[in-house]
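These notes concern the structure reproduced below.
Read-outs: derived from the displayed coordinates by stated rules, not from any lab. This is a predicted model, so every value here is computed, not measured. All Cβ positions, glycine included, derive from the backbone under ideal geometry; neighbour counts span all protein chains shown.
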Amino acid sequence: MSAAVHGGPQDRGANRPRQATPLLSARGLRLAFGGVKAADGIDLDVMPGEFLAIIGPNGAGKTTFINMSTGYLKPQDGTITYDGQPIIGLSPRAIVRRGIGRSFQLPQLFTEHTVLENAALAIAAHAGIWSPFTPLLRRGYHDQAMALLDRFGLGPVAQSRADALNEGARKLADIAMAVALQPRLVLMDEPTSGVAAAEKMGIVETLVRVLRDTGVTAVFVEHDMDVVARFADRVAVWSQGRIAALGPPQQVLNDPAVLRDVIGIEASPPSGAGH
Amino acid sequence: MSATDRALAAPPRTMRLPEALLAVLGAAALVLVAFLAPWLKFVLTVALAKGIAVLGILLLLRAGQVSFGHSMFLAVGAYTVAFLAPAVPEALLLLPLGALLAGILGLVIGLFVVRYRDIFFGMLNLALSMVLYSLLEKLYALTKGTDGIRVSGLTFAGITPDRETQEWVMFGLALVLAIGFGLLVRAYLASPMGRALAGIKTRETRLEFMGVSARRVLLFAYVMSAVMGGVGGTLVAMTTRHVTPQLAYWTSSGELVFIAILGGAGSALGPFLGATAFELVRVYAAAAVADAWQMILGGVLLAVILFAPGGLWGMLTSRLKGRGA
Ligand SMILES: Nc1ncnc2c1ncn2[C@@H]1O[C@H](COP(=O)(O)OP(=O)(O)OP(=O)(O)O)[C@@H](O)[C@H]1O
Ligand SMILES: [Mg+2]
């Protein structure tokens, strides 16, 4: 997680030592639902410190990959190691405790709690939730939760009920709860889907700033190619349960095969990529 | 938001002051009534005892779960008193013993039922309570079946009070325990574990992805609720001086759920409001219209669900808020 890796769009990934051990490593993952092959031989290494984008059409198996990596789904075949240790068969709880956080395509907030309570609960979950008689919002957790929310720009809505937030704020709160657990790797499922176009870049910038600051390695599923071009170190292109292409965005996003077969009409090559 | 959702919603923060104030006023009112109408002391004591058991129902409601078998813990507390009183007549020992046994049973049953949710959770509790009911009914040699057991003479801190004094002692004990458990539940619901408990209702998966076992969170609440059921049961047995299997029958469990909804789940005061109203209506309606009183209770419940989903507690606080505004 050297500073160079985070240097900026120009030198993204350039100084990453080729022989570094991957933080997350998947080999030969297979999982079919009936006849649908949601994972059909996934091999992927996520390197420490990188931002890896996953793109691909609906139903390609992107969420399935995150679900398998977080213990929510068990692959029928293949291995996943995190930090050198196999994690297949561990519960989501055990995997979270090892340092893999995730956010959800549909934000999973405690809808009847305030945003502040959501954040405080995540912080308490990390610190040890088993205290039955001291208030959740006692000073320590309250202040830590406010600090966390402020970093995500959510300070002003801290007292709102979580179900009263707009989609962008919900997505950010969802990710904030993952970050509260101080993961080394976060897997984000479509952090910008459903977010109004005008808000989108602002949200991603906030997000990337917080994640870079904390030195977290990130994998994110993304449909917006401008976001991918701007913030990803590498892009993995999912197609029918397989990885169809993998590489730096300027290469992948200009690959005619990828454009034709995978991105299709979803996007034209992003203006910023390729120079 | 459905009616039940509203009934189960956590109270807004602004309710805190009236809550403390109402608790003090309510306790004072109970003492006053017990003074002015001594024949109601018995009714109020039973109401407080049931209120403690209903507090346990409230905990589970916060997780969105309804137990239709919770009176089994009340029965365990009550039969503990009935069985042991001849050997250990000391009420101040029987009380924690009843709570402990109910808690142990709650742990054993809890380990099983916290794996289930919603209708399965409710019905499993019901089924297990009916097992206890049949045991109490069928093991005649031990329990005297449906005849029940008379509770033999009790001592309080070694003293055997006369009847009038004992009524006051039981009333006082129930009131003190009600306040104690009310405060405990209030603190618990605001704690990380209590807030996580409420999270089971809305986003259980998120708890797991925070590294927290939702089952363990629910189990703690379940054991706590069983202990409170046990405490309620010991108090009921010591007050009524007679225990029968009816205590564990499913209608008794239904009554606890009824009281929880009547009182409102928004505050730890709800169960006591509900239990007091329930017992008073029962006494007066039963006297006035004999067997039709269940119909009155049914009507009241219907009205609460339709027009005051926050229960009596919700009605009271919205009144106060309306006046304050
Ligand atoms: N739990 C499940 N049970 C049955 N089928 C499933 C399940 N999860 C995923 N699938 C199927 O597997 C395929 C891949 O789904 P997945 O959610 O991983 O796609 P995705 O790439 O995330 O799509 P999207 O962009 O729409 O989110 C789809 O055909 C989906 O219907
Ligand atoms: Mg998906």
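Any idea what % of Cα-Cα pairs in chain A are farther than 37 Å?
11 percent
Using just the helices of chain A, give the 222 nm mean residue ellipticity in deg cm²/dmol: DSSP H runs with n ≥ 4 each add -39,500 (n - 2.57), and the total is spread over all residues, rounded to 500.
Taking each H run of at least 4 residues, the total per residue is -9000 deg cm²/dmol.
So, R0 is 30 Å and r is the distance between the beta-carbons of B:VAL289 and B:ARG319; what FRET efficiency does that work out to, to 0.05?
0.60
What are the principal axis extents of the Cα atoms in the protein assembly as shown, in Å, biggest first?
Rounded to whole Å, the extents work out to 95, 57, 42 Å.
Arrange B:SER71, B:SER191 by Cβ neighbour counts within 10 Å, fewest through most, would you?
Lowest count first: B:SER191, B:SER71.
Where is the GNM fluctuation largest for chain B (alpha-carbon springs, 10 angstrom cutoff): B:GLY254, B:GLY211, B:GLY51?
B:GLY211
Test of understanding: ordering B:PHE272, B:PHE120, B:PHE83 by Cβ neighbours within 10 Å, fewest first, what list do you get?
In increasing order of surrounding Cβ atoms, one gets B:PHE120, B:PHE83, B:PHE272.
I want the local charge near A:MET201. Using Cβ-Cβ distances under 14 Å, sum +1 for each Lys or Arg and -1 for each Asp or Glu among the other residues.
Cβ neighbours under 14 Å give a net charge of -1.
Rank these for me by crowding, B:MET130, B:MET224, going from fewest to most other beta carbons within 10 Å.
Starting with the residue having the fewest Cβ neighbours, the order is B:MET130, B:MET224.
With angles folded into 0 to 90 degrees, how steeply does helix A:167-180 sit against the dominant principal axis of chain A? Use alpha carbons for both and round to 10.
Compared with the principal axis, the helix lies near 80 degrees.
Which residue, B:GLY314, B:LEU173, B:HIS70, has the largest displacement toward the positive end of the dipole of chain B when charges sit on each Cβ (Lys, Arg +1; Asp, Glu -1)?
B:GLY314
For segment A:21-128, what log10 I(q)/I(0) values come out of the Debye formula at q = 0.13, 0.23 1/Å, with one point per alpha carbon and no solvent?
Values, matching the q order: -0.56, -1.32.
Give me the three principal axis extents of segment B:42-249 from the C-alpha atoms, as integers in angstrom, largest value leading.
That gives 57, 37, 25 Å along the principal axes, largest extent first.
Using 31 Å as the Cα-Cα cut-off, could you pick out the over-long pairs in A:LYS74/A:LYS200; B:LYS138/B:LYS201; A:LYS37/A:LYS171; A:LYS62/A:LYS200? Write out the running numbers ahead of the final one.
On the way: A:LYS74/A:LYS200 33 Å; B:LYS138/B:LYS201 38 Å; A:LYS37/A:LYS171 28 Å; A:LYS62/A:LYS200 21 Å.
Violating the 31 Å Cα-Cα cut-off are A:LYS74/A:LYS200; B:LYS138/B:LYS201.
Full extension from B:TYR140 to B:PHE120: what is 0.36 nm times the residue separation minus their Cα-Cα distance, to one decimal in nm?
Roughly 4.1 nm would be gained on extension.
State, in angstrom, two size descriptors of segment A:109-182 derived from its alpha carbons: Rg to one decimal place and Dmax to the nearest whole number.
Spelled out, the Cα radius of gyration and Dmax of segment A:109-182 are 11.2, 34 Å.
Averaged over A:129-142, how many beta carbons belonging to a partner chain fall within 10 Å of each residue's beta carbon?
That works out to 5 on average.
Can you give the relative contact order of chain A as a percent, counting alpha carbon pairs under 8 Å and 6+ residues apart?
With pairs under 8 Å counted, the relative contact order is 23 percent.
Can you give me the long-range amide H partners of A:ARG242? Hydrogens built in the peptide plane at 1.01 Å from N, cutoff under 5 Å, separation of 5 or more residues or another chain.
Placed amide hydrogens put A:ASP40 under 5 Å from A:ARG242.
Just counting partner chain Cβ atoms within 10 Å, what average do the residues of peptide B:194-206 show around their Cβ?
That works out to 6 on average.
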